[in-house]
Amino acid sequence: MAKGTCISKAVAVGIGVMTVSSVCGLVLMTVMFQLQIEENTPLVPPRPTKPPVIPTDLPPNLRLPDNLIPESYKVVLQPYLYSAITNNYTNQSFVFTGNSTVKLRCMKDSKAIFLHVHNLNVTNVEVRESISNKKLLVKRYTTHYNESNFLEIQLEKDVFSENGTYDLLTNFEGELSEDLAGLYVSRYTEKSEYEDEEDNERFLATSLLQPTNARKVFPCFDEPALKAVFDITIIHRPGLKALSNGIEDHIALPDFSVGAMESWGLISYQESGLLYDAKTGSTFDKERVATTIAHALAHQWFGNLVTMRWWNDLWLNEAFATYMSYTGVEAADWDLSDLIVLREIQSAFQVDSLNSSHPLSLHDNDVQTSSEIIDLFDDITFSKGAAVLRMLSAYMTKEAFNKGLKTYLAKFQYNNTVYEDLLECLQMETNLDLEGFMSTWIEQVGYPVITIITQTGEISQEHFLLKQGEGHNIPWQVQVTYLRSDDLDEVKRDLLKVKGPVRRPHFQLKDDQWLLANIDCTGFYRVNYDEGNWNGLLWQLEDNYEVIPVINRAQLIDDAFNLARAHRLNVSIALSLTKFLVNDTEYIPWESALKNLDHFVLMFDRSEVYGSITKYLRKQGKGLYEYFQEYTDNGTIPEEHTDQYNQVNAISVACTNGLPECIEMATSLFTDYKNGTNRILPNLRRVILCSAIAAGDEDDWEFLWEEYQRTTIVAEKDKLRYALSCTKEIWLLNRYLEYTLDPSKIRKMDIVSTINYIARNVAGQPLAWDFVRGKWSYITQEYGAGIISLGSLLDGVTKRFSRDVELEELKQFQREQDKNNQGLAARALEQVIERTEANIKWVNENKQNVKEWFDGEL
């Protein structure tokens, strides 16, 4: 039997009372505790924490991390270079050594430094705290031999602390190459004091660091936003002179791959970009010097004082410098402002009408490698950028535009910007919506064609492409300026924000009226009309062309020819727009016509159509030749700057197309020249010598080649170098191409232009293309890093391409580049392939119509 437990009743009641009391007490305590919590929130006890993870891995892309940024550099360079080789010296060593101390500010804790180095041997790395001079132990440093060009420095156990400052010391050595990039060697000849002694070869070392070549000279943070103060020391042999930034110098260099480099306080130029010889120099040589200097000086503000944050906004530098180069020479009483239409706007139109074009401002992630950066130095960045700035100035008034620029420069001096910063400063000077207007022009690829139907007054816009395709459907904001034939006193404006079509009553005309849009070509767009309005404009040009502003005469021709190339206009209308030129002697419309007719020459000068084209051009150009003939025969110069240009056009058209009196004049002057009497004016030397060499023989070519080698004036050498490309002798052209690989004959900086000159010659074009294909690896290895115009080389040697076999050769060339992982000029190659495809289609569709039109005009 189980045992039981007994308690008294009294005890049981007591326990019950105590239990109830305890429960009530607990409830009361809970309520009171909750009230206390509401009044005084308790602190949460800290959880155990892990030490912060300090990044040491490679950056996720090719951009430098922002952990450490440079504040100043002290760079010491010692080139081991003799300026001359004499009997006392037997060894010329093209090397340099150096050291660099960079003061760094830490923005966030880090154990690693990443900076750039390329083709340098880094021999030592030290890191110290700036204030205490305490040495931090370096675990390792590694040079990454890939597209990143990273020099990676890892600490052993120390940490770079946020807001701390540190000194990074590197020792390094490198080669003074001859590829025109980084710190490189240039050769030149010094005339001997004595006639019986040979001239002396001399050497100099110079630099070209933009866009990504500073890393070839010393380890550095080679990105545009990482601006710093530099202290440069050059150790050199006795008797030599060293120059660096800050001495307010302009220097001309014998080997320089770009026209000028705007380094602050030490602007470097090609010799022909800075030096002008009054005896042999033409007006155009003088103009080139003036505009090149203006461009470089503009960069002191747009590029140096205020710099774009990353290369995707390179246009903020180059577009402004290009735009300012036209206005900068006004101080010399030269008005070149209208020439921007021919040289920048029409050039940019050609590239930007391709699917393979690019926006002015790209996403920064789309621009990473050095090749991608170099690709941006093109007609879009320079020329379209300048055209868009000109359009913006007209949209908001020039006065407001200039005032906003001053604000922009003052606000962001010594800093970096994105394009929105520019718009923000300009917006202060106007009530117009600049962001809404400009974003479409900056962020979108291409440009629109505005179509106006004057019978109904409808206006619409569409993405203009030479090769028909979808394009994009995003409308631009377009300020349409226009004149009507019934009201020529006032330029009117209409802002189009939609694709349309939309009806505007002021665009609707009666049968005997015409309308002209985009006055003075201030807008970056093309204009198409209904056939009735085109015919009205044609009638006006042939009846009295001066009623149409001179820039718009050029614009009508350029728009019509390109609309015809894009299958948007009958080719006969475009060709008919050249008929009025038989009476017009103005340079701007003639130059526009010749540039566009040149496309017909390139497409058909290997076919039976060319004979008819030649006869038409000879007929049209004869009047222009006779207009300037008195100047030509008397050896005098027209007063107007543009007339001097058009005199050259007159001779070029007449001689190239076989006008007998022109060829006789050129060969007669060349004969006198060979006999020691030079009566060829500097303005005309290029065109007359070309005409004479084209009509001449081997002896003429050899004579001019000797003249080229003898002269020391670079602008004169340039004229002779061009004329030598005009021969019809295949073997001479082949030999000339081989000369481009010999720097003692053709300077490295001239290789691209020389090959392109030869390719302009119908006899030389296939030779030049085969030469470039066969020598591509050599050219890119020997010259590629220093020449940022490889794209223009591909463009130049393929301009005539309009056949299926040529397209296949281009695609095979592209496949070879992809196979070899060569990214050089990749965008340019895409563009010439697309252009060739468009040319093939256009020639197939228009060849017969073109021949019939030219035949009908003879």
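The values are calculated or read from the model by the stated rules, or taken from the named source; none is laboratory data. Note that the structure is predicted; figures quoted are calculated from it, not measured. Note that each Cβ is placed from the backbone with ideal geometry, even for glycine, and that neighbours are counted across all protein chains shown. Heads up: the accessible areas ignore ligands, DNA and RNA and are worked out on the full protein's heavy atoms, side chains in. Shrake-Rupley method; radii C 1.70, N 1.55, O 1.52, S 1.80 Å.
How far is helix 641-656 tilted off the main Cα axis of the chain, in degrees rounded to 10, range 0 to 90?
Approximately 60 degrees, to the nearest ten.
Amide H of Leu266 versus every other amide H placed in the peptide plane: which residues, excluding those fewer than 5 positions away on the same chain, fall under 5 Å?
Those lying under 5 Å, H to H, from Leu266 are Gly246, Asp249.
Quick one: grab the alpha carbon gyration tensor of segment 173-318, order the square roots of its eigenvalues as a ≥ b ≥ c, and give me rounded if a/c is under 1.5, else prolate or oblate depending on whether a/b is larger than b/c.
Oblate is the answer for segment 173-318, as a/c is 1.5 or above yet b/c matches or exceeds a/b.
Along the positive direction of the dipole of segment 655-807 (beta-carbon charges: Lys, Arg +1; Asp, Glu -1; about the Cα centre), which of Cys662, Leu724, Val805 reaches farthest?
Val805
Cys521: net charge of surrounding residues, Cβ under 11 Å, Lys/Arg +1, Asp/Glu -1, itself excluded?
Once all neighbours under 11 Å are counted, the net charge is -2.
Any number yet on Rg/Rh for segment 62-193, C-alpha, Kirkwood?
Answer for segment 62-193: 1.10.
Return the sequence-ordered ³J(HN,Hα) values of segment 758-764 in whole Hz as given by the Karplus equation 6.51 cos²θ - 1.76 cosθ + 1.60 applied to θ = phi - 60°, using x for Gly and Pro.
5, 5, 5, 6, 4, 6, x
Quick one: compute the contact order of the chain, relative version, from alpha carbon pairs under 8 angstrom and 6+ residues apart, as a percent.
Reported relative contact order: 9 percent.
Please report the Cα spread of the chain along all three principal axes, rounded to whole Å, starting with the longest.
Principal axes ranked by extent give 145, 87, 58 Å for the Cα atoms.
Can you order the peptides 216-228, 420-432 by their average number of other Cβ atoms within 10 Å per residue, highest first?
Ranked from most to least packed, the peptides come out as 216-228, 420-432.
Tell me, what HN-Hα J-couplings in whole Hz come from the Karplus equation 6.51 cos²θ - 1.76 cosθ + 1.60 at θ = phi - 60° for each residue of segment 555-564, using x for Gly and Pro?
Values per residue, Gly and Pro as x: 5, 4, 5, 5, 4, 5, 5, 7, 5, 5 Hz.
Classify segment 646-756: rounded, prolate or oblate, from the alpha-carbon gyration tensor (a ≥ b ≥ c, eigenvalue square roots; a/c under 1.5 rounded; otherwise prolate if a/b is larger than b/c)?
prolate
Can you return the aspartates and glutamates within cross-link range of Lys467? Criterion is Cα-Cα under 18 Å, with same-chain partners fewer than 8 residues away left out.
Partners within reach: Asp352, Asp558, Asp559, Asp795, Asp804, Glu806, Glu808, Glu830, Glu834, Glu837, Glu845.
Got a sec? What order do Ser777, Ser347 fall in by accessible area at 1.4 Å, biggest, i.e. largest, first?
The ranking, largest first, comes out as Ser777, Ser347.
Give the angle, between 0 and 90 degrees and rounded to the nearest 10, that separates the Cα long axis of helix 9-39 from the longest principal axis of the Cα atoms of the chain.
Helix 9-39 and the main axis of the chain meet at about 30 degrees.
Is it possible to state the helix-based mean residue ellipticity at 222 nm for the chain, with each DSSP H run of 4+ residues giving -39500 (n - 2.57), the sum divided by total residues, to the nearest 500 deg cm²/dmol? What is it?
It comes out at -13500 deg cm²/dmol, rounded to the nearest 500.
Quick one: net charge around Glu698, please, counting Lys, Arg +1 and Asp, Glu -1 for every other residue with C-beta under 14 Å from its C-beta.
Cβ neighbours under 14 Å give a net charge of -3.
What does the accessible area per residue of segment 657-770 come to in Å², with a 1.4 Å probe and no ligands, DNA or RNA counted?
Ligands and nucleic acids excluded, the result is 39 Å² per residue.
Exactly which trypsin sites (Lys or Arg not before Pro) in segment 456-516 are in a DSSP loop and have at most 16 other Cβ atoms within 10 Å?
Lys497, Lys499, Lys510
Any idea what the dipole of segment 602-747 comes to, in debye rounded to 20, about its Cα centre with Lys/Arg Cβ at +1 and Asp/Glu Cβ at -1?
I would put it at about 360 debye.
Run the Debye formula on the Cα coordinates of segment 706-811, all scatterers equal and no solvent, and tell me log10 I(q)/I(0) at q = 0.10, 0.16 1/Å.
For segment 706-811 at q = 0.10, 0.16 Å⁻¹, log10 I(q)/I(0) is -0.27, -0.69.
Which entries of Lys403/Lys497; Lys216/Lys799; Lys615/Lys851 have Cα-Cα distances beyond 23 Å here?
With Cα atoms farther than 23 Å apart: Lys403/Lys497; Lys216/Lys799.
Given segment 755-858, what whole percent of its Cα pairs are spread farther than 22 Å?
36
How long is segment 551-618 along each principal axis, judged by its Cα atoms, biggest number first, in Å?
Sorted from largest, the Cα extents of segment 551-618 read 33, 28, 16 Å.
For segment 696-815, give the magnitude of the charge dipole about the Cα centre (Cβ charges: +1 Lys/Arg, -1 Asp/Glu; no others), in debye to the nearest 20.
520
Give the residue from Ser244, Leu275, Met261 lying farthest towards the positive end of the charge dipole for segment 236-278; charges sit on Cβ (+1 for Lys and Arg, -1 for Asp and Glu) and the dipole is referred to the Cα centre.
Ser244
Angle between the Cα long axis of helix 682-695 and the longest principal axis of the chain, 0 to 90 degrees, nearest 10?
In the chain, helix 682-695 runs at an angle near 70 degrees to the longest axis.
Of Lys286/Lys622; Lys227/Lys595; Lys74/Lys411, which sit over 32 Å apart, Cα to Cα?
Lys227/Lys595
Can you bin segment 251-352 into rounded, prolate or oblate? Criterion: square roots of the alpha carbon gyration tensor eigenvalues sorted a ≥ b ≥ c, rounded for a/c under 1.5, prolate for a/b above b/c, oblate for the rest.
Cα axes put segment 251-352 in the oblate bin.
How many angstrom lie between the Cα centre of segment 375-445 and the Cα centre of segment 138-185?
36
In a Debye calculation with equal point scatterers on the alpha-carbon sites of segment 111-180 and no solvent, what is log10 I(q)/I(0) at q = 0.12, 0.18 Å⁻¹?
The computed values of log10 I(q)/I(0) come out as -0.37, -0.73.
Could you size up the charge dipole of segment 537-578 around its Cα centre, putting +1 on the beta carbon of Lys and Arg and -1 on that of Asp and Glu, and report it in debye to the nearest 20?
Around 220 debye, computed over segment 537-578.
Using alpha carbon centroids, what distance separates segment 210-240 and segment 515-591, in Å?
Using only Cα atoms, the two centres lie 51 Å from each other.
Amide H neighbours of Val480 under 5 Å, counting only residues 5+ apart in sequence or on other chains, H built in-plane at 1.01 Å?
The answer is Asp494, Leu495, Leu496.
Which of the listed residues, Gly676, Tyr145, Val752, is farthest toward the dipole's positive end in the chain, when Lys, Arg count +1 and Asp, Glu count -1 at the beta-carbon?
Result: Tyr145.
Taking θ as phi - 60°, what are the ³J(HN,Hα) couplings along segment 204-210 by the Karplus curve (6.51, -1.76, 1.60), each to the nearest whole Hz, with x for Gly and Pro?
9, 10, 9, 9, 9, 9, 7
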